[in-house]
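A short write-up of the structure that comes next.
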Amino acid sequence: MHNARNILYVSNDSGDPSEGMKQALALAALNCAELTVLLVYPELPKGSRHLVSRFEEFLAARLRDSVDSISKVRNSDETSISIVVEGGSSPPVIRVIQRVLQAGYDLVIKDAEPKIEGRGFRAADMTLLRKCPCTLWLIRPPLRAYDEMHIAVAVDSEFRNEAERNLSLRLLRLADALGQRLKVEPTVLSCWDFEFEEYLHKSQWLGSVDEHPANTVTSVEHHHRIALDALIAESGMRGMYHVRHLRGRADAVIPLFADRDRVDILIMGTVARTGISGFIIGNTAENILEEISCSLVALKPKGFVSPIKAH
């Protein structure tokens, strides 16, 4: 995100400048990036299709007014901005992903669709999280100023493959860059657990092991923390940060932490097998996404293949 050069902002057609649009313009100006503001709408009824040109002109003009009003405040007139309005018969979210595949955007910014219960993400946002190949920033209205925000990045220091290791390093570097940009200290959040503790207790009662189970659990925690510290060191984080090494399943612990500690932006990976179209998102990530109520920056591993075709 900090080095994005080709950014897509997906408008929700609210008619007013949104937080997502403000951040898209600010980030494009900061990175000297190309910015496309995209509005996709459902196909008009047959009896109204002769109005398509006028309808799209109206939508484009409204988007331009919103962009101009933000640009004047942020002095971002030098940013290269394209406005695209597009209709069609396929679902709008699918057309967004197809445009990402065609144009090679490296970041998609979108205002998260509000949910009545305030948790998780609605269907269109979940489709983007599952199938959009590039970094995705889903923005919810901020509760406080950006320079007072709490940023958290969730990483795992236990890897099944090199792609997952590289993803964790990218997450840490992104949190570091965003923290420095906003002048805040991000929290590095990592969870550990030992699922066989109960078995060890029973085995000791049976006299089948010599070591006390508590020593084994402490050893697991210690080695996980050593691996986490090594990962952070390898990432080269330059700014100040905090580490929270919490015991428990990530899909249970992370949403609770985000609520209790009032996390504003959570950065995490949606872990998937690389190079296999259709294997979209890990179960742990899916469970977390259903429970959080903060803004989200989601990264895919390198080599992720979207099941959506570009055309």
ask   = So how tilted is helix 162-182 from the main axis of the chain? Cα-based, degrees 0 to 90, rounded to 10.
value = 60
query = For the chain, what number of Lys pairs, 8 or more residues apart or on separate chains, have alpha-carbon atoms under 15 Å from each other?
reply = 6
Computed FRET value (nearest 0.05) for Asp16 with Ile116, which takes r as the C-beta separation and R₀ as 22 Å = 0.55
query = Going toward the positive end of the dipole of the range 1-66, with +1 on Lys and Arg Cβ and -1 on Asp and Glu Cβ, which of Gly20, Leu30, Ser53 do you reach last?
reply = Ser53
note = Two pseudo-spin positions, 7 Å from Cα along C-beta at His245 and at Leu44, lie apart in nanometres by 6.2
ask   = Taking neighbour Cβ counts within 10 Å as the exposure measure, how do Ser306, Ser90 sort from fewest upward?
value = Ser90, Ser306
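Going by C-beta contacts inside 10 Å, put Arg64, Arg173 in order with the fewest on the left.
Lowest to highest Cβ neighbour count: Arg64, Arg173.
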Point-to-point label distance, Ser53-Ser219, nm (Cα→Cβ direction, 7 Å offset) = 7.7
message = Test of understanding: in a Gaussian network model of the chain with alpha carbons linked when under 10 Å, which of Ala227, Ala112, Ala298 would top the mean-square fluctuation ranking?
response = Ala227
message = Could you check the spin-label model distance between Gln180 and Val84? Points 7 Å from the Cα along Cα→Cβ, value in nm.
response = 3.1
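Listed highest first by mean packing, meaning other Cβ atoms within 10 Å per residue, what order do 33-41, 218-226 come in?
33-41, 218-226
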note = In units of 2.2 N^0.38 Å, the Cα radius of gyration of the chain is 1.12
Projected-area mean, the range 1-111, by convex hull of Cα positions, square nanometres = 6.7
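No lab work stands behind these numbers, since they all come straight from the coordinates. Every value quoted in this text rests on a predicted model; they were computed, and no experiment measured them. As a convention, Cβ positions derive from the backbone with ideal geometry for all residues, glycine included, and neighbour counts pool all protein chains shown.
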